[in-house]
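Trainee: Provided herewith is a single structure, encoded as structure tokens, for subsequent inquiry.
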Amino acid sequence: MIPTELRRIEGAELRSGDPKLEISSVVADSRRARSGSLFVALRGSRVDGHDFVADARSRGALAALVAPGRARRVGGMALLEADDPLAVLGRLGRRVRRSSRARVVGIGGAAGKTSTKDILEALCAPHVSTLASEASYNNELGVPLTLCRIEQETRLAVCELGTGAPGELSALASLAEPDVGVITCLGPEHLESFGTLEGAARAEAELIAALPPRAPVVLPADEPLLERYLRDDLRPVFFGGQAGADVYPLCWRPGDGATEVGLSVHGRTISLRTNLRAPHQALNLCAAVGVYVALGLPPSELQRSAAAVSLSPFRDEERPRAGGGLLINDAYNANPVSMRAALSSLATRRNGGRTVAVLGEMAELGPDSERWHRAVGRRAAETGLDLLVAVGDRARAYLDGATGLPAVWCPDLESAAGALAGLLRPGDVVLLKASRAAGLERLAEAIE
């Protein structure tokens with residue numbers, strides 16, 4: 001982070017300490033504090049950050065940003081107070097972004113944001129000093145923390161921008177001020193807030209509205225719900241699964257060591273090898289390549305980094321199972337779009353054993369939640385899987401759609417762990433997927 005004096009943090013009042021002290025990093029988790037850190041104490045539903053001010057100091061933090069009267073003074077540590085520490089953090093992140101020379105890429109969409117972000121970071125890093133959001137740091141806390149990591153030498157910042165309600169993405173974009181926008185896809189997400197697919201499209205399109213004139217915007221081809229939001233003063237790049245898009249896959253051939261890929265990039269054929277395997281990653285790669293080229297980076301150099309993409313935890317994370325077979329841990333999040341993609345990918349992985357989908361519930365789908373769960377169950381049956389294990393109350397609706405597919409319902413994680421011990425066989429390829437709230441990754445050990 002560009003060094004910032006405590007007295008220059010807008011909206012916070014210094015209660016103790018030297019106003020000329022310079023902070024060199026910003027953290028909201030005391031365990032990540034180090035020498036020169038500003039610790040932002042936030043109160044959550046389970047943890048109150050004000051209880052960890054002393055811990056942050058013990059790890060080297062020189063200052064804490066707290067709510068009035070919420071934290072005691074700690075020796076050797078400056079204390080700043082603000083009525084809304086999170087808002088102050090947002091303003092600080094925006095100021096760091098504005099004082100840097102970095103171009104910012106904002107990535108939105110119903111699914112694939114994190115993978116696209118990870119791929120883009122890998123593609124760009126050999127050519128330009130690049131940082132990207134950690135994991136899924138895509139909300140009102142994660143975005144400013146990412147911006148505060150921008151260094152003087154940073155030339156590209158890749159920010160994932162999430163949304164769960166109208167106006168949220170617009171607010172995040174006002175902090176990140178992206179120079180390039182990406183929408184990975186549209187689909188049924190957060191329908192409790194958006195109401196309809198059209199409402200979800202309107203929310204994602206807040207990113208388009210936030211872009212400056214002449215900015216590149218990378219969009220899925222043939223997406224009618226976005227057409228009305230595309231401005232004449234932007235430079236669109238379309239990616240898709242077939243000819244006609246600016247970037248689209250010509251071939252995707254997974255092998256034992258790597259996937260052979262052919263891409264059409266603005267009419268030019270590019271061949272490369274990548275460690276990505278799941279077929280749905282082809283479109284995420286196309287979206288990332290669309291940004292890469294829009295940034296002016298050389299298509300001929302894509303091969304240098306495509307072979308070693310590092311995806312964030314719980315995204316297509318593959319681990320061998322004892323006795324043979326494979327666990328595909330994709331349990332970080334889920335909606336109907338990403339579920340369909342994951343199930344289709346699983347169907348291609350059978351290698352002597354069975355294909356088994358262990359699915360938890362999809363959250364925030366509104367009054368039609370049961371219908372969306374039935375549709376995913378139907379998709380599981382259509383892809384020819386061998387076994388479906390549904391976990392959780394709402395997940396029971398998967399079974400209603402999975403006609404003809406052997407299926408088991410477990411009410412909770414504990415019962416699922418016990419059931420899987422008897423259901424799984426050596427050689428099975430097992431997919432774990434659910435919305436984040438389901439915590440389905442806790443079944444990984446039982447499956448491995």
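Trainee: Which one is surrounded by the most Cβ atoms within 10 Å (Cβ to Cβ) among residues in the stretch 187-213 that are at pLDDT 95 or above and under 19 Å from ASN284 (Cα atoms)?
Mentor: Checked the stretch 187-213; the qualifying residue surrounded by the most Cβ atoms within 10 Å (Cβ to Cβ) is GLU204.
Trainee: Go through the stretch 50-70 and give me each residue that's in a loop (DSSP other than H, G, I, E, B) and within 18 Å of ALA87 (Cβ to Cβ).
Mentor: Matches in the stretch 50-70: ALA67, PRO68, GLY69, ARG70.
Condition check ((1) closer than 23 Å to ALA87 by Cβ; (2) in contact with a Phe, Trp or Tyr (Cβ under 6 Å, 6 or more places away or on another chain); (3) in the same structural domain as ILE270 (by TED's automatic domain parsing); (4) outside any loop (DSSP other than H, G, I, E, B)) across all residues:
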site: VAL104; (1), (2), (3), (4): yes, no, yes, yes
site: SER115; (1), (2), (3), (4): no, no, yes, yes
site: ILE119; (1), (2), (3), (4): no, no, yes, yes
site: PRO126; (1), (2), (3), (4): no, no, yes, no
site: GLU134; (1), (2), (3), (4): yes, no, yes, no
site: ASN139; (1), (2), (3), (4): yes, no, yes, no
site: VAL143; (1), (2), (3), (4): yes, no, yes, yes
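Trainee: For the stretch 347-359, indicate whether the set of residues that are modelled with pLDDT of 95 or more and polar (S, T, N, Q) is non-empty.
Mentor: Within the stretch 347-359, one or more residues are modelled with pLDDT of 95 or more and polar (S, T, N, Q).
Trainee: Just checking, does the stretch 72-85 include any residue being without any contact (Cβ under 8 Å) to a residue 40 or more places away in the chain, outside any strand (DSSP E or B), of a type in the set (D, E, K, R) and closer than 22 Å to ARG34 by Cα?
Mentor: Yes, there is a match, as at least one residue in the stretch 72-85 is without any contact (Cβ under 8 Å) to a residue 40 or more places away in the chain, outside any strand (DSSP E or B), of a type in the set (D, E, K, R) and closer than 22 Å to ARG34 by Cα.
Residues are listed down the side, and each one gets a yes or a no for (1) at pLDDT 95 or above; (2) polar (S, T, N, Q); (3) buried (at least 21 other Cβ atoms within 10 Å of the Cβ):
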position	(1), (2), (3)
ILE23	no, no, yes
PHE39	yes, no, yes
ALA71	no, no, yes
GLY76	no, no, no
ALA87	yes, no, no
ARG94	yes, no, no
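Trainee: Inside the stretch 210-235, can you point out the residues that are assigned to a helix (DSSP H, G or I) and free of Cβ contacts under 8 Å to residues at least 12 places away in the same chain?
Mentor: PRO224, GLU227
Trainee: Run LEU311 past the list (1) in the same structural domain as THR184 (by TED's automatic domain parsing); (2) closer than 28 Å to ARG340 by Cβ; (3) touching a helix residue (DSSP H, G or I) at 6+ places or on another chain (Cβ under 8 Å) and report the number of the one that doesn't hold.
Mentor: (1) is the only condition that LEU311 fails.
The values are calculated or read from the model by the stated rules, or taken from the named source; none is laboratory data. Keep in mind that this is a model prediction, so the values were computed, not measured. Glycine also receives a Cβ, built like all others from the backbone with ideal geometry; neighbour counts cover every protein chain displayed.
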